[in-house]
Amino acid sequence: MPNNYETVVIFSPLLAEEDVKREIAKITKTVTDAGATIVEERNWGLRQLAYPIQSKSNGIYFIMEFAGPSTLISKLEVEYKRDENIIRFLTVKLDKYGIDYNDRRRKGLVGKKKDTKDEKELNGVSAEA
């Protein structure tokens, strides 16, 4: 049974959009060629970093969740280290709680909660108030 992983890659903010797409395609090709299946890809785009990395205060974030063999991780990290357009990366193995959380987030059950009329009544707040 393959393990589930989530990897976050921060690209240099100096890259053009087509360069970012090319880099993402290269990463996904590496993952799929190793026999892994991609569960989800999210491109967060340009975000401000919490602290400067390589004298850059912004970065282009890309997050990918995939299921595959553990041997893939070392191969991926070598590719990340060789790529000069990647300023930071992190790959984590998801446990059953992480997998469940990501499934619920994809279904829209996690995140900003809409306060419906029925939930207000369950919490002891009158709907007419």
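Okay, residues lined up against (1) within 16 Å of VAL39 (Cα to Cα); (2) of a type in the set (Gly, Ala, Ser); (3) surrounded by 15 or more Cβ atoms within 10 Å (Cβ to Cβ):
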site	(1), (2), (3)
TYR61	no, no, yes
GLY68	yes, yes, yes
VAL78	no, no, no
LYS81	no, no, no
GLU84	no, no, no
ILE87	no, no, yes
LEU90	no, no, no
LYS93	yes, no, no
LYS96	yes, no, no
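Any idea which residue in region 38-59 is nearest to TYR101 (Cα to Cα), counting only those that are surrounded by fewer than 11 Cβ atoms within 10 Å (Cβ to Cβ) and among the polar types (S, T, N, Q)?
GLN48
Report, by residue number, each residue of region 37-64 that is of a type outside the set (D, E, K, R), out of contact with any Ser or Thr (no Cβ under 9 Å at 6 or more places or on another chain) and over 14 Å from ARG88 (Cβ atoms).
If the condition is that a residue be of a type outside the set (D, E, K, R), out of contact with any Ser or Thr (no Cβ under 9 Å at 6 or more places or on another chain) and over 14 Å from ARG88 (Cβ atoms), then THR37, VAL39, ASN43, GLY45, LEU46 are the ones that fit.
Consider region 1-25. How many of its residues are touching a residue at least 40 places away in the same chain (Cβ under 8 Å), more than 24 Å from ASP100 (Cβ to Cβ) and charged (D, E, K, R)?
Residues in region 1-25 being touching a residue at least 40 places away in the same chain (Cβ under 8 Å), more than 24 Å from ASP100 (Cβ to Cβ) and charged (D, E, K, R): 2 in total.
Taking interchain pairs and intrachain pairs at least six residues apart, which have beta carbon atoms under 6 angstrom, with the first residue in region 64-91 and of a type in the set (Lys, Arg) and the second not in a loop (DSSP other than H, G, I, E, B)?
Pairs found: ARG88/ILE10; ARG88/ILE53.
When you scan region 32-129 for strands (runs of 3 or more DSSP E) that lie fully inside it, which ones turn up with 2 or more residues that are modelled with pLDDT of 90 or more and of a type in the set (Phe, Trp, Tyr)?
The qualifying strands (runs of 3 or more DSSP E) are 37-53, 56-68.
Restrict the check to region 72-88 and report whether at least one residue is within 11 Å of the chain's Cα centre (by Cα) and under 17 Å from ILE24 (Cα atoms).
Our first condition is that a residue be within 11 Å of the chain's Cα centre (by Cα); within region 72-88, this holds for none.
No: region 72-88 contains no residue that is within 11 Å of the chain's Cα centre (by Cα) and under 17 Å from ILE24 (Cα atoms).
Those residues that are over 11 Å from the mean Cα position of the chain (by Cα), farther than 15 Å from ILE86 by Cα and of a type in the set (A, V, I, L, M, F, W, C), I need them from region 23-66; list them, please.
VAL31, ALA34, ALA36, ILE38, ALA50 - these are the residues of region 23-66 that are over 11 Å from the mean Cα position of the chain (by Cα), farther than 15 Å from ILE86 by Cα and of a type in the set (A, V, I, L, M, F, W, C).
The values are calculated or read from the model by the stated rules, or taken from the named source; none is laboratory data. None of the values given here were measured: they were computed from a predicted structure. Note that we place each Cβ from the backbone using ideal geometry, even for glycine, and neighbour counts take in every protein chain shown.
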